[in-house]
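One structure below.
The values are calculated or read from the model by the stated rules, or taken from the named source; none is laboratory data. Small disclaimer: the values here were computed from a predicted structure and weren't measured. Virtual Cβ from ideal backbone geometry, glycine too; neighbours counted across all protein chains shown. Accessible surface is based on the protein model in full, side chains and every heavy atom, while ligands, DNA and RNA are left aside. Shrake-Rupley method; radii C 1.70, N 1.55, O 1.52, S 1.80 Å.
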Amino acid sequence: MEATQTSENARLRDMLAVSPYNQLALESLPHRDRIKIFDTTLRDGEQAPGIALSSDDKVRIAMALDDLGVDIMEAGFAVSSETERETLRKILDAGTDCTVCSLARSVKGDVDAVMQTGVDYVHTFIATSDLHMKYKLKMTPDQVVEKAVSTIEYAKEHGLRVMFSCEDATRTDLDFMKRICVAAQDAGAEAINLPDTVGVIIPQGMAYIVSEMHKVLKVPISMHCHDDMGLAVANTLAGVEAGAEICQVTMNGIGERTGNAALEEVAVNLFANYGAETVDLTKLGPTSKMVERITGFPIAYNKAIVGRNAFAHESGIHVHGVMANSLTYEPFKPEMVGVERHIVIGKHSGEHSVRGRLDALGVRFPEEHMSELMATIKEIAVGGKEIDDAELVAVITGKSVTSTATVTIAINGEKRVKSEIGVGPVDAALKAISEAVNDNITLEEYKLAAVTGGSDSICEATVMIKNVQNDGNLSVGKAVGLDVVQTSVDAMMAAINRDFARQRSE
Ligand code: KIV
Ligand code: ZN
C-alpha cells in the first residue's frame, strides 16, 4: 500500500469510535489484506424491479465505481441483449483500473456472448439446490455438474478468467456443493462464489458453510448475499470472518427484491471493525448519491451510512451531545464516508439546536423571545414537518406570503397553461404543474436538499408523485440546479415523464 494511502487511512481511523468489544470478540483476520470488493450494481443492482438503466447511465456509474476503487465490476449480463454487449464494450473502451466482468449462465452460448464484448472475466453460474434443480432446471445433479464443468472448460479454452457460482448455495446439499465446486476449481475457475440467493441464511450458518468449503477448496471463496431477511451485510461479514476473500455487493444495496449486501455498509464495516482497507471510503457518499440520482431509486431516510438521517440530529439531548463532541451520538465522523451532518429543526428540537442554526445563519435573536420562538416552532413541526433555514427565517421575521405561479406545458404537442397559488413559489409551481398535466396525479413527497452547503449551494430536489388512476403507481423524479423553484419544477417534470413512460410501456 502506498504511503499516502496509509496516512489517509490513519486519518480516517481517528474519526472512528466503534465498540472496543469488537476487537476483543474477533479472531484475527489473517487474510484481511486480500479482501476484494466485487461490485454487481450494474448487473444484480439493475435487476431490481423499477430500475432500467440506459447505456450511458451504465457507463457513468461504471466510471464512478472504478473511481471508488472496486476490484471487480460485474457490468452486465452479455447474453441478455446487443445493447448490453455494446455497453460492456463502451465500459471497456472507457478504460478502468478494475477488472470488468460479465455474468453468464452455464451455457456455451452465454460465454460466446461475453467473448463478443472483449470482456475477459466471466462469472458463470448454475443452480445447485434440490429445489432449483428439480423445479427450475429439471436436471439431475450429474447433468448440473457436467454443464458447470463443460462451460468453465469452454471459457478457459477461449482464454477467459472464470468465477463460478452455485446459485441457491445456502439451500444446497453440502456434499453436492463440495463436489461441484471442486470440479469447477479443477476445470479452471479461479474463485468460487456461494450466493445466498434468497437471503435465507443466518451469519452462523454462512460461517459454517464457508469453513466447510474452505476445507476442500484452494481458490478464494466469494460471498453474494441477498437481504430478504435483513441479514445480507451480517452474512457477508460472517463469511469473511470464516475465510471468504471476495464480497459481492451493490451500491445502496440495490438488487433483486430487497437487494444485495450494500457496498457502503460492507466496506465501512471491513475498515472499522476488521481493519481491512478496500475502497476509498470518502467517495462513498458522492457515489451513492450519483447511483440514487441515475437509477431514480430512492435511498431510505434511515439507510445506514448514506441515508439522509444517518448523520441527522433533531432531539435536544443528541444535538447538545453532538455539538460538544460528534462521536457522542455518531459511530464515526460523516466526512469519513463523504457525507454531511445535519442538525434538523423539528418537533424534538431543543433551544440548543435552534440557537446553533440561528448562529450559523448569522441571525442575532433576542433571548427574551426565545420561548415564544420555540413554541411557534413546535406548533409548526407538530405533524413531523422539518423546518429549513428559509422557513426559520420566515418564522422569526413573521413573514407570510401567498405566491402564485403560472406554467405552460406541452403534452404530446398540446400546450396547456395553468396558474395556482401556494404557500411559497415551489408549492404554487408544483400545484400548477399537476393541475396542468392531469388531475389524477398527486404529489406524495417533496424533498429539497443543499448539495454542497452554503447559501449559494447547488440544491437537489426529489419529487414523488402518485398516479391515482393507474393503480396508484409511484414515480420519483430528481433534479439538481442552482434555483430552488426551477430545480423543483425539473424534478416534478422528471417524475411526470417517468410516469408517462411507464404508462406507454404497460
Ligand atoms: O443471487 C444469485 O444467486 C445471483 C447469481 C447469479 C450469482 O445473483
Ligand atoms: Zn443475486
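Among the criteria (1) out of contact with any helix residue (DSSP H, G or I) (no Cβ under 7 Å at 6 or more places or on another chain); (2) in a loop (DSSP other than H, G, I, E, B), the one E256 does not fulfil is (1).
Of the helices (runs of 4 or more DSSP H) entirely within the range 167-253, those holding at least 3 residues that are surrounded by 16 or more Cβ atoms within 10 Å (Cβ to Cβ) and within 16 Å of ligand 2 (Cβ to nearest atom) occupy 232-241.
Any residue at all in the range 52-60 that is open to solvent by less than 40 Å² (accessible area, probe 1.4 Å), within 16 Å of ligand 2 (Cβ to nearest atom), of a type in the set (A, V, I, L, M) and not in a helix (DSSP H, G or I)? No, that holds for no residue. Of all the numbered requirements in (1) within 11 Å of the chain's Cα centre (by Cα); (2) away from ligand 2 (no atom under 16 Å from the Cβ), L263 misses one, and that requirement is (2).
Of T397, T404, all but one fail to be in contact with a Pro (Cβ under 9 Å, 6 or more places away or on another chain), open to solvent by 70 Å² or more (accessible area, probe 1.4 Å), modelled with pLDDT under 75 and over 30 Å from G285 (Cβ atoms); the exception is T404. The one condition from (1) in contact (Cβ under 8 Å) with a residue 24 or more places away in the chain; (2) open to solvent by less than 70 Å² (accessible area, probe 1.4 Å) that G95 does not meet is (1). Any residue in the range 190-213 that's within 18 Å of M163 (Cβ to Cβ) and among the small types (G, A, S): show its pairings with residues that are within 16 Å of ligand 2 (Cβ to nearest atom) and outside any loop (DSSP other than H, G, I, E, B) at Cβ separation under 7 Å, as long as the two are six or more apart or on different chains. Final answer for the pair search is A191/M163; A191/S222; A191/I246. The single condition among (1) in contact with a strand residue (DSSP E or B) (Cβ under 9 Å, 6 or more places away or on another chain); (2) within 16 Å of ligand 2 (Cβ to nearest atom); (3) not basic (K, R) that G69 does not satisfy is (2). Within the range 410-451, the set of residues being at pLDDT below 80, farther than 13 Å from V489 by Cβ, open to solvent by 50 Å² or more (accessible area, probe 1.4 Å) and assigned to a strand (DSSP E or B) comprises S419, I421, A450.
Of everything in the range 150-166, what is in a helix (DSSP H, G or I), open to solvent by less than 30 Å² (accessible area, probe 1.4 Å) and either in contact with a strand residue (DSSP E or B) (Cβ under 6 Å, 6 or more places away or on another chain) or closer than 19 Å to P220 by Cα (or both)? Give them in sequence order. Give the derivation first.
Within the range 150-166, the subset in a helix (DSSP H, G or I) is 150-157.
Narrowing further to those that are open to solvent by less than 30 Å² (accessible area, probe 1.4 Å): 150-152, 155.
Scanning the range 150-166 gives T151, I152, A155.
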